[in-house]
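Heads up: the structure comes next, in structure tokens.
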Amino acid sequence: MAETPDGAVLSARTLPRVTPRADSDGPDHTQAAPTPDWIGEARSLISHETARHLAPAASRPVHELTELEMTLIWAWRHAGPEDARTWINQRLDEEWTPLDLLSALLPSDRAPFPLIDNDTLQSLNALIGLEGLYNRFGPLLDAPDPDSSQDEHRQRILQALREHRARNTGQTT
């Protein structure tokens, strides 16, 4: 199923829905059953196939990511968050910038919803790692005034990250 990009997205999104979660709130959550081997094997295979599908994107600027490639990146967090994090951080070390990546991954038309809600923040943590993301933004998040040279979408991303960082670390925005 994961041999095609669309199949990889579908399987990455389906696997967590059909497998038991270790943090389940069920009545027997204290005696959770061990994870069957096939689940680990499926995650590994889906993650491997996702990396293969994204290989061409690794050599292109982030603004050239296709819609399907962005969907693959988001879905990857379900099957192989460690692999996704490594791959994304390698891109950020080489050519991509964190603001370009978030500008591509986060739709600008989420109104009336927040640009970065708690679910999105958890997903970004799985994909990149929040502490590493905050560190990569460095002075951009520490600046008291938004950079007026940035477009509105980028300013909103920076402001949302400032607010989330302040709320989670006690820093002021």
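The values are calculated or read from the model by the stated rules, or taken from the named source; none is laboratory data. This one's a predicted model, so the numbers in the text were calculated from it and none came from an experiment. Heads up: the accessible areas ignore ligands, DNA and RNA and are worked out on the full protein's heavy atoms, side chains in. Shrake-Rupley method; radii C 1.70, N 1.55, O 1.52, S 1.80 Å.
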If you count only protein heavy atoms with a 1.4 Å probe, what accessible area per residue comes out for region 78-122, rounded to a whole Å²? 53 Å²
Could you run the Karplus curve 6.51 cos²θ - 1.76 cosθ + 1.60 with θ = phi - 60° over region 44-51 and give me ³J(HN,Hα) per residue in whole Hz, x for Gly and Pro? 4, 5, 4, 4, 4, 5, 4, 4
